[in-house]
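S.K.: First the structure, which I've put down as structure tokens, then a few questions once you've had a look.
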């Protein structure tokens, strides 16, 4: 019996006829997913004339990087790209630390305050900040936060908290209490316990959160257009919007800009795929 | 006595861990929510100093406004379809990639890349897909599929669903994939010993183990879809006519373009209430099932 | 504790990036941009006559049509030559989508010193007392007289109109010539042209109705020649209850022209097509005419720099329709800005520097609204425009746009028209819906 079992398990990984059918189906699906990307990339090398006159399916006539050069200039790329990286990195870092701390406290304490805190945060997932942008802005300028770097970062933190606390609290049950108790007996302060014991254990969860938040913030348009519309503070998305607006005509540049904006994240994903999946594993396995 | 004060100190320390986040969250999101609540009783246009108080007028209008009704109908349809399609396909893809197929990494990357693109651009890309690129495809193979999905009331929902799912399936697929890969093989072994068929294994072993992933995916997809806005901005513009006007789109259009900030605020408030109700129900049900599982 | 450390750690990259951004902006002299960063606004007093060298930083909100993007660098450059002490801090947004939200924002926190919008913004914001009076300034005398009424409220001028877009029916000259088609002046003549084109298998009109703004725009073109030319205060009458959409045969016919166009275009596709595609098809001869505006010219010339096109006004009921010009880039100043003199200097530069003006007009492919500057870019429709202008057959689009608000009114009406064209509602429903929202119609 035992033998047969292990064969079965191997069978799960064996390439059968069924697997072949699955392979074909998934290849068709993959084509559907990759085609638009391929078309964008192809377009981004076309001249305006080619875009208008040639068949959309035709390959670009030459490897023409002019669109990229124009996009680079029009988007003020060094600045906007730097801004986007900066806002994303700082807000995500702040969010991960703050959400982890809040979630830990919520998971470890049974008091009414913490129950309330959990509900309070999680309700926030439901608040469409898109619909509240004017009051958000009014608060922002009253605190002198508009058109400042710290302002947009605080706003990303504010809008990301709920989701972060939700995810982090779900993970918290995977963290053994024993280590913390040991630390406390050794006389560690709570803060030290958090930073030196809990945070390392939270790493996978933090990875998940980092991934999710990075996408959100990297691609955010509305908040960035509200808080950092000055030329030097703009993000990539805000700068790109002007290429897509009404009566726009510069599509080839716009398409090059799209490729530029996807590239860093795509490379990041391809390089760090293993960690991505690992990070997500924790989130999905222990909810 | 000493123990109590120590407990108290620790309690306060724990509270201090929650407070910074709570403070930012309150200032950045909750206070604006209350401000919107206040505006919802005014006929403020979003510009002037004075905000004339109109009582419940905006809410009365809300319940009789056919645009609101249509926008809700669209948003709900969009959400329901999205939740179904995205979950089913994400799970199917995940299962396919969990089998013995070759070149898994490549598929995984391909499925995932669309969600690196902002929804604004996704909308734009699909507008061009439907109007220029796919019809050319028709010519190529001599078929007559109607690809002009954004062009009519009947098909615009389908068009947007395709675009939205194209973007997000890969994301949720990763979550399911992760969950699938973490199902201990012993469980399958045990099921096999019991003589369970493949299907039974799926129902009794795989699905229960996926419960936490289901919670995350369903809540994520539903709340995300109910808030859909960016996708239409650069594609259908809420049209043709008003056929793809989502509730957030309507709110933005009413409050900003239409300069009826008070009325727009009333719409936001009702959206928050609806979202709240849905989420309470959802989380309640899903959590219960998880516990049982 | 660690949070603090983290914050302080993040401050360093901020500074690094901040310094990088300073260098990255090529158009600004490095020294000027450093001052921008260093000097808080409160400390820089308004430049006075005697103290020429005092640095001033002016905030500018520019609501741009896409054709305008890039103009800001040209202005910066010209300004740096004449008044190096004045620096402009630009915030460029899409006029159609983001200008009004931005203005709403700034009305809460204080307006920027200079705002660049469209002439119709003068009505919206000037009537709230937000704009500075420009009457009698030297630079206003440089502007074409025809552009002044649109930016005048209670006999005071609040806007400096810089360029204009022409709106009407753009047509493919080759197709018209090859088939001996005359420019139609009346509705009957237009119908004959349409029939002839249909007979030849040429789509009469290029359209892109996925863009609601396009429906709104052409409807306003029709209304200007059929409604507002006879009753300039039709919008006021609507609000006073003396006129309605349902009972105005003129407005009804303006709506019906939409149907005429819809019946003579690529019906199945139009609600999926966006502007560039429609423009390209006109150039390629797949359609003969397009009700549009100068914003299409850049596209035309991108596809084929030798494309021969002309323009004529869409024929109205009475056969006397005029070509429409829309004042576009319009400079306004904040009434509350402490830097009134510096703002005047900026306005002086944009009106006096002919090289700058020429550069801008040629770049944006738009018509000049300054008296002594004529753009030199090739515009095959210029001859037509000159002909209508010299006969006095041009009319300001603002006659309509200052009567009926765009967002919340014209735009909503356009959506109704879309629904009507798609057969979801009747024309009467569409007209009734317009009447029902008349409280939103005041600009």
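Read the figures in this text as sums done on the coordinates, not as results from a lab. Keep in mind that what you see is a predicted model, and the values were worked out from it rather than measured. Heads up, the Cβs are rebuilt from the backbone with ideal geometry, glycines too, and the neighbour counts pull from every protein chain shown.
S.K.: Using only C-alpha atoms and all pairs of different ones, pull out the Kirkwood radius for the range A:23-92 in Å with one decimal.
M.R.: Working: mean 1/r = 0.0677 Å⁻¹.
Hydrodynamic radius (Kirkwood, Cα pairs) of the range A:23-92 is 14.8 Å.
S.K.: Taking only Cα atoms, what is the 0 to 90° angle, nearest 10, from helix C:71-82's long axis to the longest principal axis of chain C?
M.R.: Tilt of helix C:71-82: around 40 degrees.
S.K.: Quote the FRET efficiency, to the nearest 0.05, computed for residue A:272 versus residue A:113 with a Förster distance R0 of 51 Å and r equal to the Cβ-Cβ distance.
M.R.: 0.85
S.K.: Right, something else. So in the protein assembly as shown, what percent of DSSP beta bridges are antiparallel if you round to the nearest 5? Present the calculation step by step, with values, prior to reporting the outcome.
M.R.: Working: 26 of 43 bridges.
Antiparallel bridges: around 60 percent, rounded to the nearest 5.
S.K.: Where does each of C:411-421, B:218-228 land if you order them by average Cβ count within 10 Å, highest first? Please list the in-between numbers first.
M.R.: Values: C:411-421: 24.2, B:218-228: 20.8.
Ranking, from highest mean packing down: C:411-421, B:218-228.
S.K.: With a 10 Å Cβ neighbour count serving as the proxy for reagent exposure, in which order, fewest first, do C:103, B:51 appear? Don't skip to the end; give the middle numbers.
M.R.: Values: C:103 22, B:51 16.
Going from sparsest to densest Cβ surroundings: B:51, C:103.
S.K.: Across peptide A:33-44, what mean number of C-beta atoms from other chains lies inside 10 Å of a residue's C-beta?
M.R.: Details: counts 12, 7, 5, 12, 6, 0, 5, 6, 0, 0, 3, 0.
Counting Cβ atoms of other protein chains within 10 Å of each residue's Cβ and averaging gives 5.
S.K.: Within a 10 angstrom radius of the beta carbon, how do C:123, C:351, B:109 rank from fewest other beta carbons to most?
M.R.: Least crowded to most crowded, the residues run B:109, C:123, C:351.
S.K.: Can I ask one more? Return the equivalent ellipsoid semi-axes of the range A:74-285 as a descending list in whole Å, where each equals the square root of 5 times an eigenvalue of the C-alpha gyration tensor. List each step's numbers first, then the result.
M.R.: Values: eigenvalues 251, 85, 41 Å².
Computed over the range A:74-285, the values are 35, 21, 14 Å.
S.K.: Where Rh denotes the Kirkwood radius from the mean inverse Cα pair distance, what is Rg over Rh for the range B:122-202? Intermediate results must be reported in sequence, preceding the final value.
M.R.: Numbers: Rg = 20.7 Å, Rh = 16.2 Å.
For the range B:122-202, the value is 1.28.
S.K.: Just to be sure I understand the model, the point goes 7 Å from the Cα along the line to the Cβ. What's the resulting residue A:25 to residue B:283 distance in nm?
M.R.: Between residue A:25 and residue B:283, the label points sit 3.6 nm apart.
S.K.: Could I have the simple spin-label model distance between residue C:185 and residue B:48, label points 7 Å from Cα toward Cβ, reported in nm to one decimal?
M.R.: Label-label distance for residue C:185 and residue B:48, simple model: 4.8 nm.
S.K.: Using Cα springs under 10 Å in a Gaussian network model of chain A, which residue among A:72, A:269, A:227 shows the largest mean-square fluctuation?
M.R.: The residue that fluctuates most here is A:269.
S.K.: Here is a follow-up. Please report, largest first and rounded to whole Å, the three semi-axes of the ellipsoid equivalent to the range C:254-377, where each semi-axis is the square root of five times an eigenvalue of the C-alpha gyration tensor.
M.R.: Numbers: eigenvalues 254, 70, 45 Å².
Semi-axes (√(5λ), whole Å): 36, 19, 15.
S.K.: What FRET efficiency comes out for the pair residue B:154/residue A:49, r = Cβ-Cβ distance, R0 = 35 Å, nearest 0.05?
M.R.: Working: r = 36 Å, r/R0 = 1.02.
Efficiency computed from Cβ-Cβ geometry: 0.45.
S.K.: Next question. Assuming R0 = 35 Å, can you tell me the calculated FRET efficiency for the pair residue C:198 and residue A:42, based on Cβ-Cβ distance, to the nearest 0.05?
M.R.: Here the calculated transfer efficiency is 0.45.
S.K.: Moving to a separate point now. Taking each residue of A:136-145 in turn, how many C-beta atoms of other protein chains fall within 10 Å of its C-beta, and what is the average?
M.R.: 5
S.K.: Normalized C-alpha radius of gyration of the protein assembly as shown, against 2.2 N^0.38 Å?
M.R.: Numbers: Rg = 30.3 Å, N = 1023, 2.2 N^0.38 = 30.6 Å.
In units of the globular-protein estimate, the protein assembly as shown measures up at 0.99.
S.K.: A follow-up question, please. Could you give the length gained on full extension between residue A:59 and residue A:15, defined as 0.36 nm per residue of separation minus the Cα-Cα distance, in nm? Please report the intermediate quantities before stating the final value.
M.R.: Numbers: separation 44, 0.36 × 44 = 15.84 nm, distance 3.61 nm.
Extending this stretch completely gives an extra 12.2 nm.
S.K.: With an 8 Å cut-off on Cα pairs and a minimum separation of 6 or more residues, tell me the relative contact order of the range B:58-292 in percent.
M.R.: Working: 239 pairs, mean separation 74.6, N = 235.
32 percent.
S.K.: Over the C-alpha atoms of chain C, what are the Rg and the largest Cα-to-Cα span, Dmax, in Å?
M.R.: Gyration radius and largest Cα-Cα distance of chain C: 23.9, 83 Å.
S.K.: According to the square roots a ≥ b ≥ c of the eigenvalues of the Cα gyration tensor, what is the shape class of the range C:163-221, taking rounded for a/c under 1.5, prolate for a/b larger than b/c otherwise, and oblate for the remainder? Show your work: numbers first, answer last.
M.R.: On the way: a/c = 1.91, a/b = 1.64, b/c = 1.16.
Prolate is the answer for the range C:163-221, as a/c is 1.5 or above and a/b outweighs b/c.
S.K.: Can you work out the base-10 log of I(q)/I(0) for the range A:120-172 at q = 0.17, 0.29 1/Å, using the Debye formula on its C-alpha atoms alone?
M.R.: -0.58, -1.10
S.K.: Right, something else. Evaluate the relative contact order of the range A:74-285 (contact order divided by residue number), counting alpha-carbon pairs under 8 angstrom at least 6 apart; express in whole percent. Mind showing how you got there, number by number?
M.R.: Details: 200 pairs, mean separation 68.1, N = 212.
Relative contact order comes out at 32 percent.
S.K.: Please state the Cα pair-distance histogram of the range B:58-292 with 10 angstrom bins from zero: what percent is in each bin?
M.R.: Result, from short to long distances: 7, 26, 30, 22, 12, 4, 0 percent.
S.K.: Suppose each label sits 7 Å from its Cα in the direction of the beta carbon; what would the residue B:9-residue C:135 distance come out to in nanometres?
M.R.: Distance between the two pseudo-spin positions: 7.5 nm.
S.K.: What angle do you read, to the nearest 10 degrees and between 0 and 90, between the alpha-carbon axis of helix C:340-352 and the longest principal axis of chain C?
M.R.: That helix lies at roughly 50 degrees to the long axis.
S.K.: Just checking the output field for B:86-97: average partner chain Cβ neighbours within 10 Å of each residue's Cβ? List each step's numbers first, then the result.
M.R.: Details: counts 0, 0, 0, 1, 0, 0, 4, 5, 1, 1, 6, 2.
If you average over the peptide's residues, the count of other-chain Cβ atoms is 2.
S.K.: Expressed as an acute angle from 0 to 90° and rounded to the nearest 10, what is the orientation of the C-alpha long axis of helix C:187-200 relative to the principal long axis of chain C?
M.R.: 80
S.K.: Determine the relative contact order of the range B:45-183: mean sequence separation of Cα pairs under 8 Å and six or more apart, normalised by residue count, in whole percent. List each step's numbers first, then the result.
M.R.: Working: 91 pairs, mean separation 52.9, N = 139.
Relative contact order of the range B:45-183: 38 percent.
S.K.: Treat the count of other C-beta atoms within 10 Å as a stand-in for reagent exposure and order B:48, C:402 from fewest to most. Don't skip to the end; give the middle numbers.
M.R.: Details: B:48 12, C:402 22.
Result, fewest neighbours first: B:48, C:402.
S.K.: Report for chain C the percent antiparallel among DSSP-assigned beta bridges with both residues inside it, nearest 5.
M.R.: On the way: 25 of 42 bridges.
Within chain C, antiparallel bridges account for around 60 percent of the total.
S.K.: Over all distinct alpha-carbon pairs, what is the Kirkwood Rh of the range B:43-150 in angstrom?
M.R.: In the range B:43-150 this quantity evaluates to 19.1 Å.
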